[in-house]
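Heads up, the thing below is written out as structure tokens.
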Amino acid sequence: EWVQAFTNALAADQKEFSIFCSGGDTTSINGPLSISITALGLVPTGKAVKRSGAKAGDYIVLTGLVGDAWIGLEILRGNIKPEHPQSFLNAYRRPMPHTKIVASVRAYAHAAADVSDGLIADMMHIATASHLAAVIAADKIPLSPQALDYARLEDLITGGDDYQLVLAVSPENLQRLDFPHFVIGRFEAGETALKFEGKKPDLKQTGWSHF
């Protein structure tokens, strides 16, 4: 029954996102079930939105809430026990790809990165690649209403697994974006650095480190 439910859900995802499973491999281990999926795709020549395209004066734009997935992970680890955990667990277990906004991002964003390692870390990937400073206002970062009841702001903006997008968008293009978005700061000319307007969070790290 579990295998049938899994394959049905996989088939439904393939239909929704216009992808197909082209092959597979089966192995066994002494331990829990582990499923790995490698997703491949194509980008039209010259149409990739890179990290390196941000310009001084661009707004730093976020596509949605951050921090809920980190809380979801902490719930699974047994470190946080909210009264209503499901929305946090869904954010961690079932991130939704932003496939419907690709055309708008490609048309109007100078640079982009997915927020998987933490908002601050991934935003700074753009700043570093574009040789700019990033200036953000912590109180502009979108959080779910309950997030700060269970976690510090510092953890929510560095925890990762959000799978939102952080973008560099010019002031004149901002109004052309056809999807919900949040302006949390701007990129400035100068040495690559992270700056805060207003209250500065006490960051011990900028995000997940793979090494």
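Go through segment 162-190 residue by residue and tally those that are under 18 Å from Ala121 (Cβ atoms) and over 17 Å from the mean Cα position of the chain (by Cα).
1
Looking only at residues that are over 22 Å from Phe17 (Cβ atoms) and without any contact (Cβ under 8 Å) to a residue 60 or more places away in the chain in segment 38-59, which one is least open to solvent (accessible area, probe 1.4 Å)?
Taking the candidates together, the pick is Gly46.
Looking at (1) over 30 Å from Asp149 (Cα atoms); (2) loosely packed, with under 10 Cβ neighbours inside 10 Å, can you tell me which one Arg77 breaks?
(1)
Please list, ordered by first then second residue, the pairs with beta carbon atoms under 7 Å, 6 or more apart or interchain, first in segment 100-115 and open to solvent by 70 Å² or more (accessible area, probe 1.4 Å), second at pLDDT below 95.
Every condition considered, the pairs that remain are Arg106/Lys47.
Quick check on my filter: what residues within segment 105-138 are hydroxyl-bearing (Ser, Thr, Tyr) and out of contact with any Gly (no Cβ under 7 Å at 6 or more places or on another chain)?
Result: Tyr108, Thr128.
Name the single residue that is modelled with the lowest pLDDT among those in segment 35-53 being polar (S, T, N, Q) and closer than 30 Å to Ile120 by Cβ.
Ser36
Go through segment 20-37 and report how many residues are closer than 21 Å to Pro95 by Cα and open to solvent by 100 Å² or more (accessible area, probe 1.4 Å). Even if it seems obvious, please write down each step before you answer.
So the first thing to find is which residues in segment 20-37 are closer than 21 Å to Pro95 by Cα, and the list is 20-21, 33-37.
Adding the requirement that they be open to solvent by 100 Å² or more (accessible area, probe 1.4 Å) leaves 20, 33, 36-37.
Residues that pass the stated criteria total 4.
The values are calculated or read from the model by the stated rules, or taken from the named source; none is laboratory data. These numbers come from a predicted model, not from an experiment. Using ideal geometry, Cβ is built from the backbone for each residue, glycine included, and neighbour counts are taken over all protein chains shown. Accessible surface areas use protein heavy atoms only, side chains included; no ligands, DNA or RNA. Shrake-Rupley method; radii C 1.70, N 1.55, O 1.52, S 1.80 Å.
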